[in-house]
1. For segment 62-203, what's the radius of gyration and Dmax over Cα atoms, in angstrom?
2. Could you work out [θ]222 nm for the chain from helices alone, using -39500 (n - 2.57) per DSSP H run of at least four and dividing by all its residues? Round to the nearest 500 deg cm²/dmol.
3. Could you list the GluC sites (Glu not before Pro) in segment 185-247 that lie in coil according to DSSP, counting only those with at most 15 other Cβ atoms within 10 Å of their Cβ?
4. Probe 1.4 Å, all protein chains in place: accessible area of THR182 in Å², nearest 10?
5. Expressed as an acute angle from 0 to 90° and rounded to the nearest 10, what is the orientation of the C-alpha long axis of helix 220-234 relative to the principal long axis of the chain?
6. Over segment 62-203, with the other protein chains present, what is the accessible area per residue in square angstrom, probe 1.4 angstrom?
7. Counting residues in segment 196-314 as N, plug N into 2.2 N^0.38 Å and put the Cα Rg over that result.
8. Pairs of alpha-carbon atoms within less than 8 angstrom and 6+ residues apart define the contacts here; what relative contact order does the chain have, in percent?
Amino acid sequence: MQESRSLPRCPLSKKCGGCQLQNMSYAHQLAYKQEKVISLLGRFHHVSPIIGMDHPYHYRNKVQAAFGMTRRGEILSGVYQSSTHRIVKVDACQIEDAVADKIIVTIRRLLPEFQMLPYQENSRKGFLRHVLVRRGFTSGQIMVVLVAAHSMFPLKKKFVQALLHHHPEISTVVLNVNPHQTSMVLGEREEVLFGNGYIEDTLCGCRFRISPRSFYQINPLQTEILYRKAIEFAGLTGNENVLDAYCGIGTIGMIAASSAKQVVGVELNGDAVRDARINAKLNNIQNIHFIKADAGEYMVELARESQPIDVVLMDPPRAGSDKPFLESVITLSPKKIVYISCNPETQARDLRFLTQNGYRVKAIQPVDMFPHTAHIECIALLERKA
Ligand code: SAH
């Protein structure tokens, strides 16, 4: 049963701005998202009812907090106030994992003792910029990433000891160094301070290693629903050559591999590709391999070589796909395209191109991956016209 009530209004909702739909009951939020998808994609096909959550709270397995200081020297951790760099202090959040929130508050309290001042954007002084915590909801493994402006951290051993004393449940602690003036959270350099430097989690029966900089869906419960729907749409029989484009750590492709002949995953982020290759071994999947490349450039190459592709699974970032990718899809002419999107606006643009070039939309399924926020996730199935 889907709850129609909301929890008591979050006291931070105005300042934080993260939960844009706070004021609506959950049932209204789902209706709102359904309407939005219909208005953007309804002209392509009937839109199936959005799949919501039974308990749409504390679903985020990844929590990211910015660190800073007030003029009076109070240390803050939380989120940036919408479209500013002012930090709104957050101790607990209704959509974030509660254990992760507690770890971040503990870190905030420990900082002074270990001479870890928050980084100040204006003066460019200080050390700690962000903390990222990821928890495998199935495995229980927890990764803490300290994002610092530099790597001079003399008391790191003692700090990690103190953190583990308060939170023995932590599996690994990583120092990520980001010296740049940028809105990107993570830098390129990493030092493992404790544990393996990654965590594992399970989705749809497969095990996945996740490194700090690899993408991993933030709502694992709904992700299983999303992936199962996507694979159902692909209608695999065991004979297909499948392309998993924008594959991240290889999740969708690996779950699909047992029903396909061969799967190729393509992904731009090197850490994610490394994770994907290890994940294939972890799950003893032999009919999959991964290419580190820009998906568009790789598709152009495949099209030039006239490689046989029967099904394209694609899950691009918010900006959607690009012309080289979509044009090459048309050239390769797969029987089916399963397009997973976290932004129905760019999805609508890309569906328009595909439907003008020989494809027909056969199903549209929104899945609510981000309750209380305005974000919408949606899968579309396209088939080549006879
Ligand atoms: N399908 C995966 C990841 C989806 S997120 C999952 O469900 O977990 C989108 C992914 O696209 C990210 O991993 C990102 O690194 C990757 N990406 C972004 N731009 C890309 C590009 N131009 N070519 C290939 N991959 C890209």
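1. Values for segment 62-203 (Cα only, Rg and Dmax): 14.3, 46 Å.
2. Details: 10 runs with 111 residues, N = 386.
Taken over the chain, the calculation gives -8500 deg cm²/dmol.
3. Details: sites: GLU188, GLU190, GLU191, GLU200, GLU224, GLU232, GLU240; in loops: GLU188, GLU240.
Filter output for segment 185-247: GLU188.
4. So the heavy atoms of THR182 present about 50 Å² to solvent.
5. Value to nearest ten degrees: 10.
6. Details: 7080 Å² over 142 residues.
Spelled out: the 1.4 Å probe surface of segment 62-203, per residue, equals 50 Å².
7. Working it through for segment 196-314, the quotient is 1.00.
8. Details: 832 pairs, mean separation 55.6, N = 386.
Here the relative contact order equals 14 percent.
The values are calculated or read from the model by the stated rules, or taken from the named source; none is laboratory data. This structure is a prediction, so every number in the text was calculated from the model and none was measured. Neighbour counts run over all protein chains shown; Cβ positions are idealised from the backbone, glycine included. Side chains included, ligands, DNA and RNA excluded: accessible areas come from the protein's heavy atoms. Shrake-Rupley method; radii C 1.70, N 1.55, O 1.52, S 1.80 Å.
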